[in-house]
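The values are calculated or read from the model by the stated rules, or taken from the named source; none is laboratory data. Fair warning: this is a prediction, and the values are worked out from it, not measured in the lab. Note that we place each Cβ from the backbone using ideal geometry, even for glycine, and neighbour counts take in every protein chain shown.
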Amino acid sequence: MRFRAKNPVSASVSPGSDRRFFQKPGFCIWDYSGYHEARATISSNYQLPITNYQFDSILSFNTSKTMQLQGIRAKLWAGFVILILLMAAIGFVGWQNTVELASETESLYANQLQATIALANSESALWKLRYGFPQFIVQPEKRAEILKEEPELYKIIDNNLRKYAAGKLTPQEQTAFEEVQNIYQKYVAARPRWFELQQAGKIKEAAEYRAATTTPFGAQTVQKLNSLINLQREVGKQKQDQIKGKVRNLKTLIFLTFTLAVLLASILFNKYILNPVVQSVNKIIYSSQEISTAIDAQERTISQQAAAVNQTTTTMNQLGVSSQHSAEQAEASAVAAHQALSLADGGTQSVEYTMKGIATLKDKVGEIVAQIMELNEQTLQIGGISNLVADLANQTNMLALNAAVEAVRAGEHGKGFAVVAAEIRKLADESKIAAQKIKTLVTDIQSAIGNTVMLADEGTKTAEDGIRLARGTTKVFTGVKDAIDRVFLNNQQISLNVSQQAFAIQQVLEAMRSINLGSQETTAGIATVKDSLIILDRTVKKLKELS
């Protein structure tokens, strides 16, 4: 029989011997042809005694553990596949309901939102038609434009009404739409006659005709359209409530399905996976206890052997630390001198950069002065524009006054025009006040520009003084740099002498470490096995808690 493990080890057994040895935790290749013959090969320097019973327990434990892990792995894969199928079923149900919700949402958009927009567009165009009457009266120069615009407005209303009618209408919506159509047709049919009377100069007859036909027909059309829009909103809200109800039902369905899947998965996991794992854990506990007993005995023996060597090594370590400390102090002194030298170089460079920055600042201040002078010229131009605005406001005020006089002459028909003229006069007065404020601001800006130019000149003089001061500082830093350079060379020589002494002590310390190496490797191997057993014990406890 051949058994292969991941971590290579070494073991040797003499024929007829009842004790076997292995070196590091794990196994390499075991040739096992009888109860008293086993061999394994690896390069290592320490051995631990293992009894025949412990040796056979390890082999049987690893073999059974491998077979059990394969069975658990297969069950885990099976549980994973079942869980995927359950999640796929949940996803299918969610997808199907999502498709239905998307269809309902598209219907809400097409039959309610678009229909409401069409009705709103129709109402807007209808109001433009109705506003055409007073504009036709008070603005004779725009009569041709008003008559020309009418067919376009009719077309907008007709197209939007047809778009609304093409949707899915409820019986109530269909009835309301027919009422809108009927009253709108009456309104359209009555409009041309009024324009004919108005253009013929029959003002009184046109007013009576308008009061009896177009005004009530137009008002009723607007009222019917508003009622239809409100009805459209109510239908849309009902459909929106239906969609919200379906969303709540979908959430409940997914929650119940997911809960059922979790319960089913828990039952299957407990029956087919958790119970086999608990049995394997109990076997692991038994085998690890036997291995731990053998390792504890060997660890005590090696610890006693290493104690004497550690005492000698400790003494040499103290001597090495003292020497190393002296070397570090000398090196730190050299490093500090080097840092001071670097700081001196940095200070010199900083002063040079400062001089360049001040020179650049001087140039920038000159550019700022030029820009400020250009800004002053532009401010003068703004003042001129402000005066033009004030003159324009005065002229507009006079025109509004003349328009008000003409409106008074027109009598009853000029009242609306008089209101417009009064508003124009108010706007002209406000424009005049704004122009005066702009003029005041321009004056303040010009004063500020003058002060800024003076400050810029003072900044230029300050920059020149800074350049002279920086040149003096550069000379001081050069002297400091030369002095620090001499200190740095002296510290380097001291550090070299101390390093040679520390190297001699280090050679003695390495010799002692070589003596202690064998014991440390043995202790490390034992500690590794012990740590592995501790981890194994913790894992077993966690598995028990999960079970």
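So here's what we get for this one:
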| item | result |
| --- | --- |
| Only one of Lys128, Lys168 that is outside any helix (DSSP H, G or I) and of a type outside the set (Gly, Ala, Ser) | Lys168 |
| Close pairs (6 angstrom Cβ cut-off, 6 or more residues apart or separate chains): at negative phi in the range 124-136, assigned to a helix (DSSP H, G or I) and of a type in the set (Lys, Arg) anywhere | Phe136/Arg143 |
| Single residue of the range 171-198 satisfying the filter (β-branched (Val, Ile, Thr) and surrounded by 14 or more Cβ atoms within 10 Å (Cβ to Cβ)) that is nearest to Lys239 (Cα to Cα) | Val180 |
| Check on Val369, over 28 Å from Ala207 (Cβ atoms) and outside the structural domain of Ala207 (by TED's automatic domain parsing) | yes |
| Odd one out for Gln520 among (1) surrounded by 15 or more Cβ atoms within 10 Å (Cβ to Cβ); (2) modelled with pLDDT of 75 or more; (3) closer than 30 Å to Gly347 by Cα | (3) |
| Top-ranked residue in the range 115-172 [being among the basic types (Lys, Arg) and farther than 26 Å from Ala410 by Cβ; ranked as modelled with the highest pLDDT] | Lys155 |
| Lys224 being surrounded by fewer than 12 Cβ atoms within 10 Å (Cβ to Cβ), over 30 Å from Gly91 (Cα atoms), assigned by TED's automatic domain parsing to the domain that holds Lys142 and of a type in the set (Lys, Arg) | no |
| Unique match (being in contact (Cβ under 8 Å) with a residue 40 or more places away in the chain, more than 56 Å from the chain's Cα centre (by Cα), assigned to a helix (DSSP H, G or I) and closer than 16 Å to Val188 by Cβ) among Leu161, Leu147 | Leu147 |
| Some residue of the range 296-307 being closer than 30 Å to Lys541 by Cβ, buried (at least 16 other Cβ atoms within 10 Å of the Cβ) and modelled with pLDDT of 65 or more | yes |
| Set Ala448, Ala434, Ala428: member being over 50 Å from the mean Cα position of the chain (by Cα) and either of a type outside the set (D, E, K, R) or over 30 Å from Leu380 (Cβ atoms) (or both) | Ala428 |
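Let's see how each residue does on (1) more than 44 Å from the chain's Cα centre (by Cα); (2) under 25 Å from Thr460 (Cβ atoms):
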| residue | (1), (2) |
| --- | --- |
| Thr354 | no, yes |
| Glu367 | no, yes |
| Met373 | yes, yes |
| Asn376 | yes, yes |
| Ala393 | yes, no |
| Asn402 | yes, no |
